[in-house]
Amino acid sequence: MKMREGRKIFFLIIFASFLIAFAIPLMAENKKAKETDYTDKDAWKGKDAEAKSNYAMYCTPCHGDTGKGNGPQAEAMEVPPRNHTDGNYLSTRTDDQLLKVIKGGGPAMGFTSSMPPFDNLLTDEEIKGMVKYVRTLCNCEYKKIGAAR
Ligand code: HEC
């Protein structure tokens with residue numbers, strides 16, 4: 001009788017460890033899927049807040065709280081920071097051009113080096129979020145008619 005109890009417990013333990021061994025990785029897998037499982041269209045849902053706070057931290061010193069190009073550092077600058085609320089101008093720029101400037105700094109697009117590169121501070125995904133955020137400031141998108149470089 002005692003032997004049998006022991007066996008039961010032994011098998012129960014084996015069963016339980018199987019459950020744990022399979023259930024935990026499955027749960028982790030699920031979580032991963034949730035983090036990256038978004039379509040292009042809603043890619044930045046929920047990331048808007050992150051983009052906004054990144055902008056507030058890294059961009060407003062030059063580009064200003066509302067993106068008008070009048071941040072506290074702007075006065076001392078030879079080339080004024082771009083006005084991100086200027087829809088007429090920004091609709092001449094493609095998302096890719098904006099991304100390159102934010103990632104590689106002004107010189108990446110032939111602009112002044114006082115627009116610093118952010119590839120060492122922000123991930124590619126965060127930089128895409130910045131492009132999208134700038135698009136909300138200008139309330140504009142790229143239109144082909146403009147004279148894009
Ligand atoms: C140290 C000041 C400074 C900071 C910080 C800064 N910028 Fe700029 N930015 C500039 C200046 C100056 C220009 C204008 C460059 C020129 O006209 O040659 C510019 C231009 C731009 C442009 C215009 C690109 C185009 O196609 O005309 C974008 C977009 C931009 N900045 C985005 C950002 C974002 C996003 C951040 C924060 C992640 C940021 N900048 C932080 C100074 C700054």
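The values are calculated or read from the model by the stated rules, or taken from the named source; none is laboratory data. Every value quoted in this text rests on a predicted model; they were computed, and no experiment measured them. For neighbour counting, all protein chains shown are included, and Cβ atoms are generated from backbone atoms with ideal geometry for every residue, glycine included.
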### Message
So, in the stretch 86-121, exactly how many residues are part of a loop (DSSP other than H, G, I, E, B) and more than 6 Å from the ligand (Cβ to nearest atom)?
### Response
11
### Query
Do the conditions hold for N83, that is, is it free of Cβ contacts under 8 Å to residues at least 60 places away in the same chain and either more than 10 Å from the ligand (Cβ to nearest atom) or part of a helix (DSSP H, G or I) (or both)?
no
### Query
Any idea how many residues of the stretch 65-80 are over 17 Å from F111 (Cα atoms) and near the ligand (Cβ under 8 Å from one of its atoms)?
2
#### Entry: The listed residue being modelled with pLDDT under 95, surrounded by fewer than 17 Cβ atoms within 10 Å (Cβ to Cβ) and under 25 Å from K144 (Cβ atoms), out of A43, A28, A49
A43
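Every residue, every condition in (1) aliphatic (A, V, I, L, M); (2) closer than 16 Å to K52 by Cα; (3) surrounded by fewer than 18 Cβ atoms within 10 Å (Cβ to Cβ), yes or no:
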| site | (1), (2), (3) |
| --- | --- |
| C62 | no, yes, no |
| P80 | no, no, yes |
| V101 | yes, no, no |
| G104 | no, no, yes |
| F111 | no, no, yes |
| F118 | no, yes, no |
| L122 | yes, yes, no |
| Y133 | no, yes, no |
| C140 | no, no, no |
